[in-house]
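Take a look at the structure set out below.
The values are calculated or read from the model by the stated rules, or taken from the named source; none is laboratory data. This one's a predicted model, so the numbers in the text were calculated from it and none came from an experiment. Note that each Cβ is placed from the backbone with ideal geometry, even for glycine, and that neighbours are counted across all protein chains shown. Ligands, DNA and RNA are stripped out before the accessible areas are found, and what is left, the full protein with its side chains, is counted by its heavy atoms. Shrake-Rupley method; radii C 1.70, N 1.55, O 1.52, S 1.80 Å.
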Amino acid sequence: MMNHLKRELKMAIVLITHNLGIVARFAERISVMYAGKIIESGTTDDIFYSPRHPYTWGLLSSVPAVGKKRTEKLSTIKGTPPDLFMPPIGCGFYDRCDYRMKVCKENDPPSREIGDSHWASCWLLDARAPGVKPYVVKRHSGESSCKDVM
Ligand code: SF4
């Protein structure tokens, strides 16, 4: 119905959801928000197949995958979001991030272009940051492998 209305009325649709399944089916472009800010934005392929922000990795890791054993626990993102009445000075994801560095605590990461249509705000994208193997999704098997700090 939404696609029908979009075509008929020649309009765009903005979906705000935690349901990545719906996002994958409908969206052409995805913006990932955390603590009131867009922290990564790109085409659906950029976000699902080449995500660059640790929060996006966490979201994708917590999606149930076909082929996973029923006994396997879904991964979660530890901790809780920051109190936005007292917003953090540096990166909003700092307390929950497995890859945090000294610079992240007091400096909000700038947005960095990754491709024509893809950008993210994370100090890991700085040339001086340690190498991190990004989260990888295998397109055909539906399996995913987790990121590792090198
Ligand atoms: S800027 Fe630092 S704390 Fe924030 S997501 Fe990137 S690595 Fe993690």
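Structure data summary
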read-out	value
Prolate/oblate/rounded call for the stretch 15-66, Cα gyration tensor, a/c under 1.5 rounded	rounded
Overall form of the stretch 15-118 per C-alpha gyration tensor (a/c, 1.5; a/b vs b/c)	oblate
Charge dipole magnitude, Cβ of K and R +1, D and E -1 - the stretch 2-149, Cα centre, debye nearest 20	460
Fully extended contour minus Cα-Cα distance, from Asp116 to Ala129, at 0.36 nm per residue	2.5 nm
Using a Förster distance of 30 Å, the FRET efficiency for Thr44-His4 (Cβ separation, nearest 0.05)	0.90
Extension gain from Ile13 to Glu106, taking 0.36 nm per residue of separation minus the Cα-Cα distance	29.9 nm
Whole-percent carbon and sulfur share, accessible surface of the stretch 2-149, 1.4 Å	55
Of Lys69/Lys105; Lys102/Lys133; Lys6/Lys73; Lys37/Lys69, pairs whose Cα-Cα distance is over 28 Å	Lys69/Lys105; Lys6/Lys73; Lys37/Lys69
Listed residue (Val32, Trp123, Cys104) projecting farthest to the positive dipole end of the chain, Cβ model	Val32
Accessible solvent surface per residue of the stretch 2-149, calculated while the other protein chains remain in place, 1.4 angstrom probe, Å²	69
Qualifying trypsin sites (Lys or Arg not before Pro) in the stretch 65-110, DSSP loop, other Cβ atoms within 10 Å at most 15	Lys68, Lys69, Arg70, Lys73, Lys78
